[in-house]
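Comments concern the structure below.
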Amino acid sequence: MTYSDRKHRRNHKTAPLLPQKDAAFSHSEAGFDGASFSGAVFNLSTTIVGAGIMALPATLKQLGAIPGLIVIILAAILTEKSIEMLLRFTRASKSASYSGLAGDAFGGFGRTLLQACIVINNLGTLVVYMIIIGDVLSGTSSDGVHYSGVTEEWFGQHWWNSRPNLLLLTTLLVFAPLISFKRVDSLRYTSALSVALAVVFVVITAGIVIVKFINGSIGMPRLLPKLIDQASFWKLFTTVPVLVTAYICHHNIHPIENELRDGSQMKSIVRTSIVLCSTLYIATSFFGFLLFGDHTLDDVLANFDGELGIPYSSLLNDVVRVSYVIHLMLVFPIVFFSLRLNMDGLFFPYAIPIAYDNRRFFSVTAALICLIFLGANCVPSIWDAFQFTGATATVSVGFIFPAAIVLRDTHGIATKRDRLVSSVMIFLEERDKVGFFGYLRFIVNCSFGDRSMFCTAQKNG
């Protein structure tokens, strides 16, 4: 364990959140012998496939089918490379966590900044998930118009299916038990179900496309982007935030790796998860765009709120919406896991591992779930929550920090290819024009200088 990890994050006691070589006690405890390959794949895949999958068909609407699918694949390759570099530099620094790696490269400030980015990203994401769950189940109102939710359509309006009450029931009966696990591997079965529900959406969408193709009511998808003027060209770049954040899972890489029975499998686990998620993304994007064409909405779930032109449209709409809500409920605890770890790291940097302190574990858990619940009930709309989260913190966690760590190269292991890929990742986020650019440029500038530049840049920013 590096000095940075020892100083900033607990002592050298064994814990479920540390690598297997330091966790013999935790693996023998309660019969736990380390996480399996399949369980890790499902947990990582669930981290990747969140709410963003529903925005992917709209990227094909903007880019056209061929460029859109190519870019989805390129985003997967770029993500796999960024995680590969992250794992390689983690082993070189002998760090036990992502924040420990950031601390090794940039000191305490870089470590704290990364933890803050993960907290902002995950907290905002979970608020968004809860808002979506409330909208789908209980309905939402906009400009004085009320859009009914699934439970209102089925049972009518009652006290128990009002938005606050439904979210409270969901929190107490679903979220509370799932976020009480101290090991991420304990979520492997719910993660497997979450991935299965994403497959259900693809199967339903593909089935509808096949039926409409047979009866001749579906047209050929647009293969290339529609470029009418300069404005339509620049509009193509609005897909960048969706694509570059579609595979973000970096905040859960280390928690999953630390519990593995065989840590050397992590690279294969990452590759398997990205291939699985890429397949889901490509199928969802293609069939969603093929089904709705130029009428595809930014959130394709909204397209499943009307007549689909086939028998049992209403039933299929309800199945899609309910399965999607259950999917989000099962994604929630896997994202919450790394949120709790990093929030604890921010407020208790010198304490023993949170898994060994029951009082702190349940106090932090209760405080976070209450904050998320209040946020979901008080934030006016999903877009306000997105603005709070920002693609800024997301791309910082997924691309900016890995690129900055490579360019900083404190252990002298970066190759020319690593530096090139890192520069591309920085460039893409600049094109994105969202975010945290003060902090991001500070990190990049530090890549070729000493650590004191980091604090100087922050002070002078």
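Observations on the model:
- Looking only at residues of region 254-283 that are crowded, with 22+ Cβ neighbours inside 10 Å and of a type in the set (Asp, Glu), we find that the one that is nearest to Lys94 (Cα to Cα) is Glu257.
- Residue list for region 172-188, restricted to those being in contact (Cβ under 8 Å) with a residue 24 or more places away in the chain and either open to solvent by 20 Å² or more (accessible area, probe 1.4 Å) or of a type in the set (Val, Ile, Thr) (or both): Val174, Ala176, Leu178, Ile179, Ser180, Phe181, Lys182, Arg183, Val184, Arg188
- A single member of Val209, Val203, Val199 is modelled with pLDDT of 90 or more, among the β-branched types (Val, Ile, Thr), more than 30 Å from Leu87 (Cα to Cα) and open to solvent by 30 Å² or more (accessible area, probe 1.4 Å), and it is Val203.
- Those residues of region 67-110 which are open to solvent by less than 40 Å² (accessible area, probe 1.4 Å) and among the aromatic types (Phe, Trp, Tyr), in sequence order: Phe89, Tyr98, Phe106
- Subset of region 42-66 that is touching a Lys or Arg at 6+ places or on another chain (Cβ under 9 Å) and among the hydrophobic types (A, V, I, L, M, F, W, C) - its residue that is surrounded by the most Cβ atoms within 10 Å (Cβ to Cβ): Leu60
Condition check ((1) touching a Pro at 6+ places or on another chain (Cβ under 9 Å); (2) at pLDDT 95 or above; (3) farther than 18 Å from Ser99 by Cα) across all residues:
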{"position": "Leu315", "(1), (2), (3)": "no, no, yes"}
{"position": "Val320", "(1), (2), (3)": "no, no, yes"}
{"position": "Ser323", "(1), (2), (3)": "no, no, yes"}
{"position": "Leu328", "(1), (2), (3)": "no, no, yes"}
{"position": "Phe332", "(1), (2), (3)": "no, yes, yes"}
{"position": "Arg340", "(1), (2), (3)": "no, yes, no"}
{"position": "Ala351", "(1), (2), (3)": "no, no, no"}
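- Scanning region 353-375 for residues that are open to solvent by 60 Å² or more (accessible area, probe 1.4 Å), closer than 22 Å to Ser97 by Cα and hydrophobic (A, V, I, L, M, F, W, C) returns a single hit, Phe362.
- Residue list for region 284-337, restricted to those being small (Gly, Ala, Ser), open to solvent by less than 20 Å² (accessible area, probe 1.4 Å) and closer than 24 Å to Thr125 by Cα: Ser285, Gly288, Ser323
- Residue within region 163-171 that is over 18 Å from Arg340 (Cα atoms), open to solvent by 20 Å² or more (accessible area, probe 1.4 Å) and modelled with pLDDT under 90 present: yes
The values are calculated or read from the model by the stated rules, or taken from the named source; none is laboratory data. Keep in mind the model is a prediction, meaning the values are calculated, not measured. Virtual Cβ from ideal backbone geometry, glycine too; neighbours counted across all protein chains shown. Accessible surface is based on the protein model in full, side chains and every heavy atom, while ligands, DNA and RNA are left aside. Shrake-Rupley method; radii C 1.70, N 1.55, O 1.52, S 1.80 Å.
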